[in-house]
Structure formats: structure tokens, C-alpha cells
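The values are calculated or read from the model by the stated rules, or taken from the named source; none is laboratory data. All of these numbers come straight from a predicted model, not from anything done at the bench. Every residue, glycine among them, receives a Cβ derived from its backbone with ideal geometry; neighbour counts consider all protein chains shown. Surface areas here come from the heavy atoms of the whole protein model, side chains and all, with no ligands, DNA or RNA. Shrake-Rupley method; radii C 1.70, N 1.55, O 1.52, S 1.80 Å.
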Amino acid sequence: MTEPRKTGSQELEELGTAALSVPGPSRGLSELTPDGGEVQAIASGWRLALREFASNRLAVICLALLLLLVLFCFLGPLFYHTDQTYTNILNTNLPPSGSHLLGTDENGFDELGRIMVGGQAAFEVGGFASGVAIVIGTLYGAISGLVGGFVDGLLMRFVDILLSIPFLLIVLVIATKYSGTVVEISLILGVFTWLVPARLVRGEVLTLRTRDFVLAAQTMGSSRARLIYRHLIPNAMSVTIVNVTFLIADSILSLAYLGVLGEGLTPPHTSWGDMLGNAQTYVQNGYWWLVYPVGACLVFVVLAFNLVGDALRDAVDVRLQRR
Amino acid sequence: MLGYIVRRLITAVIVVLGVTAVSFAILHFLSPTPAYAVLGTKATHAAVVSWNKQHGYDRPEIVQFFSYLGNLVQLNFGYSYKLNQSVAALFNEDVGRSAYLSGAALVLSLIIAVPLGIAQAVKRNSPGDYAATAINFTLYSMPSFFLGLILIQLFALDLNIFPVGVGDNITTAWQAITHPRQLCLPIVTLALLNVASFSRYMRSSALDELAQDYIRLARAKGLSERAVLFRHLLRNASLPVITLVGLSIPTLLAGNLLIEYLFNYSGLGLLFYNALGNEDYNILLAYVLVGAILTVLGNLIADLAIATADPRVRLD
């Protein structure tokens, strides 16, 4: 796979139309082959989307910072040793200093170390909950769209019904009974966030299933299961990948809300929401280090995922438009 | 049009029935009977059985569901055994204060977001537009709770303009209205969160409309820019706001919950929060249901309103 030598927007445009709108490769190749030169590989749709994404500088910066923050949260504790299990009542609410870079909280936990631990929970829940949601949503949407007719209507009405139930309220109610571990909270969140991906995938499948390659596969006797996992899901992937970033942002935000209201992870685990909820009591005492660093991390992560998601959507949309 | 309304109403009723069934099923799965909450966790099995029999919790789930549904139609939301009051009476007490908080926040957010979105579209890609977009994006990603804490720090503790929380003296919606200083921070916090999403939509909607021929025509016939914007653009660009307001009901309910908790303002959200701690499932079920029904109604009204307001929307 060779990169095209010029990356000017003109050539990108040509590449896009050549790769995506021409049914057979022959015309695109002949147009792109320089006289007597070697044949260049045609950029795939994914490659184009990637390049479009890379041209959005803000989103790339956000993605890089997110990766750094993930490393900070998961690898940071290896270098910055703190005790996040046993409370230390002699060191409560200390302001930032050399030994505690961001001070300590009301239980004597080092705040910087706690942000790392809370961040781990945020990323784990974000990843796991969105994974659950996307798996359920993709399968449900693909089946609903492919089967169509009465079953489709029934399945989608069920989605309508679940979408009408206020998300945070029902999640809170369930969390009072089950909350505790990252896995449990992720499952609760995932079970109520697969609805939007299901709708999106169904919409994609409805247009895909009339396309020639799907008809061809059907004619050749593909089973429905094969049709779904071999043809429909891979082609609807672009929509789901964009949605995953938004799902991660929403899950992290929901985890924070659960934590603030005291229905989040059980100690010794903690999340950024738990920390903010506890810090509320100390705002009046002026313990700013308990509020702003963790709040800023939370806002940044959600913001960054949203921006990355927007950029991805733009990139994929371009690909879809050119198709 | 009439056919459309009837069809839409029938779907809404079906969805409401479905929502009731699903919510009822989930909450009954979590807590089949409030007996232990009433009699204490150490209650004997015999006592629980007889309590269940006395209060109808020994009947099959499906019978319980239909009797709940029957009560619901008569606006009977069940009984809170923790607070020894009917849920309807508790709601009745708090609904005014919560409605005032949500309503005022909604109105305030529209007052800010609609002109802001239009201004951003008119002066698109200017430094001001970028700044507003950046602020909107940050607000959009900010948990209401954190925003509330920042505003408390700034306006209550540092500048001392507003009180930290809502005082206990506010017991009716009317008192809440007549004590604007106390309610200012909660309303502004809730409103700012909606401004973020509203103005984003307003901006893109106004951008779409600005490119339309009728705007060019209005300018070409020599109308002042103000007349173009206020008489022609505003009306057309505001149409998506109708849908947005209809869709913002779940956000408002969740926002109410956190804002009422943070500012200690007794409303439905705080009632719900306390019920979470008390495991008072009848209140929880009723509030989830009210929220879901409001959501369905909000969508329905928004769809009908947009069909009335926009002759281009064709109903078939």
C-alpha cells in the first residue's frame, strides 16, 4: 500500500470520486495512472475518512490528549505511588504541596492519585458500556432492518418505548439495587444506551439491503446470519464507530451523575463523580483542589470525545456523500 | 391532518402503555413488595406474607399491573409507605416548584439561545462565533452539577450576590417566584445547560435559512438588515426550536434532579432523590412514569405544533 504522493485537496477529491463512485476499478485506474508511471493504489473509503479526520487539527489534538490522559490514569500510579485504599485521618484536606501535588481529600487520600483511579473507572466504564451498547444495538438494528415488515415495526416500537423512559432516572433506580462494580454499572448503562445505535444501524441496513451486492449474496444463497455479519454489519460500521465516541462520552457523564448522587461505585473504588459529590461539602471551606482538577478532567474528557466524534462524523459523511 | 392527529394519538397511547408496562416490570423485579421497607428488614416471613395479602402484593404480577393501570387512569399513583402519604399528594405538593424551576430555565435558555444562534450564523466564522461555539461546546460537555458548583463558588461565595442554596422558607411555587434572588442560581445553571444545545441547533438552522432565496429576495428589495433578520429569518429559523423544546423534557427532568439536590430546593427531583435512598419504589415508579409520559406528550405536541406552524411539513 503506497500513499499517493500528492495530498492536495484537488487530488483528494479525484481520488474520492474515483474510489467510491466508479463501480469497477478500471476507469479509476486509467484516470489516475500517470503516463508510463507505476499504478497507484486507490485509497479505500476508510483511508479517505482517516485523512479527512486527520485534517481536523482540533480533533487530532483532542485524540492525542485523550490518549495521554489514558496513559496518565493507567500508568501514572506506577510512578506516583499513593495509598488509595486506607484512609488517613491525620492528612485530611491538606492543600497542594510537594508531597501531595494536588492536596488530599476528606479521607486523607492523595487527590492526584485519586484522579488517576477515578479516571481508570471512567475509561473502563466508557469503553465497556459503549461496547455493550454497540453490540446489542448493531445486532438488533441489523436484524430489525433485514427482516423488515411487521417484525421490524414491532422491534422499533419497543425501541421507542425504551427511549421514552428518562434515561438517568431509570438508570439511577436500577443502580440503587445493583451498583458497585465497574462491570455492573457498565452493564446497566449499556442496556439503556443501545437504542440510538440500533436505530442508526437499522436505517443503514434499510438502504443497504436493496443494494446489488446484498441482492447478489442473497441470490447465491447466503443465510440471513451470514448476510448480517458478513455484509450488513461491516458496511454499517462507519455509523456505529462515530456513535461509539458519543456513547463513551455519555457513559462517562452518566457515571459521573451516578457518583454525584451517591449511586456510583462502592469504595474503595471511586469515580470522578463520587469525588465531585464529596467535594460539594467542602466548596464553602475553600478547598478548591477537591473541586476544580477533577471537574476539569471530567469536562475535558467528555468534550474531547464529543469533538472527536464530530470530526469522525464529518469524515465519514464526506465518504458517504461521495459514494 | 385530522387523520394524522388520530394516528399519532393512537401511537402515543400505545407507547405510554408500553412504557408503563416496562417501567412496572423493571421496578417490580427490583422490589416485588414494599413489605420489608414497612415492617423492617428483620420482619418474619409470616408477617411479610400477611402484609402482602393485606395490601394486594400477593396477587399475580399481571393482575397487580392492571390494577396499577386502573389506578393510574384515576391519577392515583400509589402510596408511599415511607412517608405515609399518597404519591399523588406528595407530587401535588412539589410539582409547582419544579415546574417553575424547569419552566423559568427553559424560557431563559430560549431567550439567550435563539438570538445567540442567529447572531452566530450571521457573523459566522468570526472570532465571536468561534468563542460562542467554544463556550457552547464546553457547557454541553459539562455536568450540571459541576457548573452549579462553579457558579456557587463565583456568585455565592466570592461575590456574595446570591445565597448558596435555596432557603427553607420557600415552600410554595409563589414564594419561589417572589424570591428571585434565591432561585437565580438554580435557574441560571439549568438554563445554561440547555443554551448549549439549543444555540447549536439555532446556529445551523439559521445558517440553512440564510442561504435561502427568500432571504436574498428580502435583501434585494431593500429591506433593512434588521427587518430581514427579525421578520423573515427569525420565524423560519426558529421552527426547529419547537422540536427541541419537545425533546428537552428528559434533560429538564434529569437537570431538575441534580439542581434541586445541589441547591437543596425541595421539588420533585429532590423527592425522587430521597426516595432512592429510602427505596421508596412507589415514588420512584411514579416519577419514572410521569417523566416517560411527559416525554411522549412532548414529542407528540412538538410534532403537531411543527405541522401547524410549518405548512411545508406534509402529513400523510
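Does the protein assembly as shown come out rounded, prolate or oblate by the C-alpha gyration tensor, with a ≥ b ≥ c the root eigenvalues, rounded set by a/c under 1.5 and, if not, prolate when a/b is larger than b/c and oblate if not?
Rounded, since a/c falls under 1.5.
Taking a ≥ b ≥ c as the square roots of the Cα gyration tensor eigenvalues, with a/c under 1.5 meaning rounded and otherwise prolate when a/b beats b/c, else oblate, which class fits chain B?
Cα axes put chain B in the oblate bin.
Using only Cα atoms, find the angle between the long axis of helix B:87-122 and the longest principal axis of chain B, and express it within 0 to 90 degrees, rounded to the nearest 10.
Roughly 20 degrees, rounded to the nearest 10.
Count, for each residue of B:145-154, the Cβ atoms from other chains sitting within 10 Å of its Cβ, then give me the mean as a whole number.
Mean partner shielding for this stretch: 5.
Keeping every protein chain present and rolling a 1.4 Å probe, give me the accessible area per residue for segment A:116-221 in Å².
Computed with neighbouring chains in place, this is 38 Å² per residue.
In Å², and per residue, what accessible area does segment B:161-289 have when probed at 1.4 Å with the other protein chains present?
Normalised by residue count, the accessible surface of segment B:161-289 is 42 Å².
Whole-Hz Karplus ³J(HN,Hα) for segment B:192-201, in order, using 6.51 cos²θ - 1.76 cosθ + 1.60 and θ = phi - 60°, x for Gly and Pro?
4, 5, 6, 3, 4, 7, 4, 6, 4, 5
Can you give the angle from 0 to 90° between the axis of helix B:249-263 and the longest principal axis of chain B, with both taken from C-alpha atoms, to the nearest 10?
Around 70 degrees separate the two axes.
If DNA, RNA and ligands are ignored and the probe is 1.4 Å, what is the ranking of A:T92, A:T270 by accessible area, most exposed first?
A:T92, A:T270
Whole number in Å², please: accessible area per residue of segment B:27-116, 1.4 Å probe, ligands, DNA and RNA not counted.
Result: 56 Å² per residue.
Order these peptides, A:228-241, A:135-148, by their mean beta-carbon neighbour count within 10 angstrom, highest first.
Listed from highest to lowest mean packing, they are A:135-148, A:228-241.
Over all residues in B:136-144, what is the mean tally of Cβ atoms on other chains that come within 10 Å of each residue's Cβ?
That works out to 6 on average.
Find the sum over both chains of the accessible area lost when B and A are paired, probe 1.4 Å, and report it in Å² to the nearest 100.
3700
Can you list residues from other chains, or at least 5 along the same chain, whose modelled amide H is less than 5 Å from the amide H of B:Q85?
Hits under the 5 Å cutoff: B:S80.
If packing is taken as the average number of other Cβ atoms within 10 Å across a peptide's residues, how do B:145-154, B:84-93 rank, most packed first?
Final packing ranking: B:145-154, B:84-93.
Does anyone have the angle between helix B:45-55 and the longest principal axis of chain B? Alpha-carbon axes, 0 to 90°, nearest 10?
Helix B:45-55 and the main axis of chain B meet at about 60 degrees.
Arrange the peptides B:101-109, B:36-44, A:164-172, A:249-257 so that the one whose residues have, on average, the most other Cβ atoms within 10 Å appears first.
The densest-packed peptide leads the list: A:249-257, A:164-172, B:101-109, B:36-44.
Please state the shape class of segment B:2-110: rounded when a/c is under 1.5, otherwise prolate if a/b exceeds b/c and oblate if not, all from the C-alpha gyration tensor.
oblate
If you take each beta carbon of peptide B:282-288 and count the beta carbons of other chains within 10 angstrom, what is the mean?
What the average comes to for B:282-288 is 2.
Quick one: 3J(HN,Hα) in Hz for segment A:161-166, Karplus 6.51/-1.76/1.60 with θ = phi - 60°, rounded, Gly and Pro as x.
Result, ordered by residue: 4, 5, 5, 6, 7, x Hz.
Tell me the label-point distance for the pair A:L90, A:A54, using the 7 Å Cα-to-Cβ offset, in nm and rounded to one decimal.
Calculated label separation equals 5.5 nm.
Please identify the trypsin sites (Lys or Arg not before Pro) of segment B:82-166 that satisfy two criteria: DSSP loop assignment and at most 15 other Cβ atoms within 10 Å. Which are they?
B:K123, B:R124
So for B:S67, B:S141, what's the accessible-area order with a 1.4 Å probe, most first?
I get B:S67, B:S141, largest accessible area first.
Which value, in Å to one decimal place, does the Kirkwood hydrodynamic radius take for segment B:16-74 when every pair of different Cα atoms is included?
12.4
Mind checking which of B:R219, B:R203, B:R181 has the largest fluctuation in a GNM of chain B, springs on alpha carbons under 10 Å?
B:R219
Ignoring ligands, DNA and RNA, what percent of the 1.4 Å accessible area of the protein assembly as shown is carbon and sulfur?
The C+S portion of the solvent-accessible surface of the protein assembly as shown is 63 percent.
How much net charge surrounds A:C297 when only other residues with a Cβ under 14 Å from its Cβ are counted (Lys, Arg +1; Asp, Glu -1)?
Taking every other residue near A:C297 into account, the sum is -1.
Accessible area, 1.4 Å probe, largest first: how do A:W194, B:W174, A:W288 sort?
Per-residue accessible area, sorted high to low, gives B:W174, A:W288, A:W194.
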